[in-house]
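The structure appears right after this line, and notes come after that.
Every number here is computed from the coordinates shown, using simple stated rules; none is lab data. In this text the structure is predicted, and so the values were computed from the model without any measurement. Backbone-built Cβ (ideal geometry, glycine too); neighbour counts: all protein chains shown.
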Amino acid sequence: MAHDTRSYPQKPADAYLFATCLVDQFAPEAGLDAVRLLEREGIAIHFPEQQTCCGQPAYTSGYPDEARAVARRQIELFPEAWPVIVPSGSCAAMMRHHYPKLFAGDPVLEPKARALGERIFELTEFLVHVVGFRREDRGEPCTVALHTSCHARREMGAHETSAALLAGLAEVTVAQQARAEECCGFGGTFAIRHPAISEAIVSDKVASLVDSGASRVVSADCGCLFNILGRAEHIDRAAGRGEPSLPGEHLASFLWRRTAGEQG
Amino acid sequence: MSEPIHFQPTTGFAERARAAAGDPALRRGFRGAMDFLQAKRLAQFPDAGDLATLRDLGAAIRRHALENLPQLLEQLEAKLVANGVQVHWAETPAQANAIVLDIAHRIDAKRMVKGKSMVSEEVGLNHAMEAAGIEAMETDMGEYIVQLAGEGPSHIIMPAIHKTKQQIAELFAARLPGVEYTENVDELIRIGREVLRRKFAAADIGLSGVNFAAADTGTLCLVENEGNGRMCTTVPRVHIAITGIEKVIARLDHVPLLNTLLPRSATGQAVETYQNFISGPRQPDELDGPDEVHLILLDNGRSQAHADLQLRATLQCIRCGACMNHCPVYARIGGHAYGTTYPGPIGAIISPHLLGIGATAALATASTLCGACNEVCPVRIPITEILIRLRNEAQARPAAVGALRGAGEARSALVSTIFRAWAAVYSHPALYRLVTWAMSRGRGLTPRTQGAWTGIRTPLIPARKRLRDLLAERRRQ
């Protein structure tokens, strides 16, 4: 399913954040920087405390009942008609495109899932198309590589919006990498079920990112980031390197820092 | 005379994949070939809008054929019979082989030449022929090479793609009498051709696959690049075509559109060198062509896919191989690791109907669901959605009536328990908050060894404070 062309709303006064389970527990700074970026644009961000996970791990592992049990709780969390912003293309695609399939045939939840799907925006998509993000780059010149997750790319078109945000930073050069559109080998439970194949794919990804000459990698998806950075760090440790050969961070954190945070 | 190999794909998949991924020569070979094929395909579709339209049309033609499959098969049979073609139906590989053997025995055949046919691989035809004392000779250069090596194809379009020219040079020198070692590719092809020429002339039966079978005219369409397909279908006195029941299309004039997609998607060629349209045996006023033409239509599990409205899309496939050419998993492990006739993404979704859900469960999980296959499929098969469905079926609780063959066989009590526990935590926000709070507070106790994850990566450690804690602090400030 290719990402669709959609019509975008005016910049709202209020919006929800669905942070995702990975951001909440493992990368909270990325979530906080996303909130800061959005609030600096004058949007009040609401974080429903009941949120947990989009349900994707069970959905892609052959456990649709378990996925539904988790997903149905998330569907209820956004009563106002505000946009729901997700700092992960993969989870955004799950909620926008796969919830309606997960609840297909359910007279109550399918329409709700469809209605929610219309309000789901991946963070970079929202920043480009709804906010019209344009802030001055206050950082030193640097070269970064962009990794876009497969679902963000193919189901949300986020490779274009992520690239557009980086292109708006005057001092940032985006390095060309070999096979930018190829998967990083994460694939959720795939990384655990098929470790040898995952290792081969992620090792190639790390090599092409390092070879790109970028000083760091940025991505709007934490799953890929943990996979890529965890692999790079493991290689560094095995080689006895103290300094990371491939540091990286969420695009939200990079953007927030480059545009000088509160002073931006 | 060897017996057919009965693969149990799940068994040993992890070991085969590990061995292949750890073989630098294999990795280099497949990477180079995949990069080459991807670039060639892309060059054939310079306009994204045109490509999208072509794919829409290709998908519509194939869906239309599958929606009308029973009627179209009846029409195809009637037209073929009227054209003088003998039509045979086979439910199983054994039946397909028995039909070929019956024909061979009736005409006292000793030698068969074969054009490229994946369905003949699927039924293990070569083994069945050998067992009956009939020489079955592959004439597609790639197929000839893997046959000479005693292997099967590792790609549905490029069977010998796993072999380097050095390996082929060694193979020819070792197996062909009087042939010296040479790495000159043109010379290797010339040697192969010389062997094959003699075989065409001496063969009693020519066997081929079918790319499209047009129901309105009773025409078998066969595309190829080497001319061996034309030789197999015209030189021997009997031509036997074998194909799956899904290859039927409603109209002959659907072929140009499908043939616009097929070679471009497969090998990045604008057109195949040979397009054969076979509409019957030699007529009295014709100079050449076979005396008899037979078509064997094989089911072998395809009806099961057809009966399910979601899985039916699997049968839209026109066997171009673009999904494997773009698959990050296939590129790392090659075709043999899958252990099935059809490897790669299309193999993972068609094999369950041929071999059972349980026997192929590992293949359905051997995908990151990255969607590269969906993006290039010329007939828009939603491969990753079908993979998710097959994962569901593999874990399904046993015993629904009308269940897919092998459904539930891969259900693991441990994994099921893990997901039940996961769902209990993540569908109860209070419990989730408690668990994640405890994980962050006790982050020092996080195991540094996290199964397969930390085999090659540093461990995942919860942050000191969760996002919800940071936001709460921010609100208080």
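Structure above, values below:
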quantity: Number of partner chain Cβ atoms within 10 Å, mean per residue of A:35-42; calculated: 1
quantity: Separation of alpha-carbon centers, the stretch B:387-432 and the stretch B:282-318, rounded to whole Å; calculated: 36
quantity: Out-of-range pairs (alpha-carbon distance over 28 Å; input B:LYS110/B:LYS165; B:LYS40/B:LYS199; B:LYS40/B:LYS163; B:LYS79/B:LYS114; B:LYS40/B:LYS247; B:LYS163/B:LYS199); calculated: B:LYS110/B:LYS165; B:LYS40/B:LYS199
quantity: Calculated P(r) of the stretch B:13-303 - Cα pairs past 27 Å, %; calculated: 45
quantity: Cβ-based charge dipole, the protein assembly as shown, positive-most Cα from B:ASN228, B:LEU207, B:CYS370; calculated: B:CYS370
quantity: Point-to-point label distance, B:ALA132-A:ILE192, nm (Cα→Cβ direction, 7 Å offset); calculated: 5.1
quantity: Volume of the Cα convex hull of the stretch B:279-401, divided per residue and given in Å³; calculated: 150
quantity: Trypsin sites (Lys or Arg not before Pro) lying in DSSP loop within the stretch A:165-234, provided at most 16 other Cβ fall within 10 Å; calculated: A:ARG179
quantity: Shielding by partners, peptide A:67-77 (average Cβ within 10 angstrom, other chains); calculated: 3
quantity: Rounded to whole Hz, the Karplus (6.51, -1.76, 1.60) HN-Hα couplings of the stretch A:207-214, x for glycine and proline; calculated: 4, 6, 5, 5, 5, 5, x, 6
quantity: Additional length obtainable on full extension of the chain from B:ASN184 to B:SER412, 0.36 nm per residue less Cα span; calculated: 76.9 nm
quantity: Unpaired by the 4.7 Å Cβ criterion, cysteines found in chain B; calculated: B:CYS221, B:CYS232, B:CYS317, B:CYS320, B:CYS327, B:CYS377
quantity: Where a label projected 7 Å from the Cα of B:LEU257 along Cα→Cβ would reach, residues of the stretch B:356-399 with amide N under 18 Å; calculated: B:377-382
quantity: Anchor A:LYS112: lysines whose Cα lies under 17 Å away (excluding residues fewer than 8 positions away in-chain); calculated: A:LYS101
quantity: Longest to shortest principal axis, alpha-carbon extents of the protein assembly as shown, angstrom; calculated: 95, 59, 48
quantity: In range of the label at B:LEU287: residues from the stretch B:228-243 whose backbone nitrogen is under 15 Å from the point 7 Å along Cα→Cβ; calculated: B:235
quantity: 5 angstrom amide H check on B:VAL235, placed H, neighbours 5+ away; calculated: none
quantity: At R0 = 35 Å, FRET efficiency that the Cβ-Cβ distance of B:ARG31 and A:ALA239 yields, to 0.05; calculated: 0.90
quantity: Approximate shape of the stretch B:380-424 as ellipsoid semi-axes (Cα gyration tensor, √5λ), whole Å, largest first; calculated: 21, 16, 8
quantity: Peptide A:168-181, shielding by other chains (average Cβ, 10 Å cutoff); calculated: 1
quantity: Virtual spin-label span in nm between B:ALA52 and A:CYS142, 7 Å along Cα→Cβ; calculated: 3.6
quantity: Those residues of the stretch B:227-268 whose amide nitrogen sits under 18 Å from the label point placed on B:ASP216, 7 Å along Cα→Cβ; calculated: B:247-260
quantity: Burial order of peptide ranges B:327-339, A:153-165 (average beta-carbon count within 10 Å, highest first); calculated: B:327-339, A:153-165
quantity: Gap separating the Cα centres of the stretch B:79-144 and the stretch A:69-97, nearest whole Å; calculated: 54
quantity: Simple label model, 7 Å out from Cα along Cβ direction - B:THR234 to B:GLN166, nm; calculated: 4.1
quantity: For chain A, convex hull volume per residue from C-alpha positions, Å³; calculated: 127
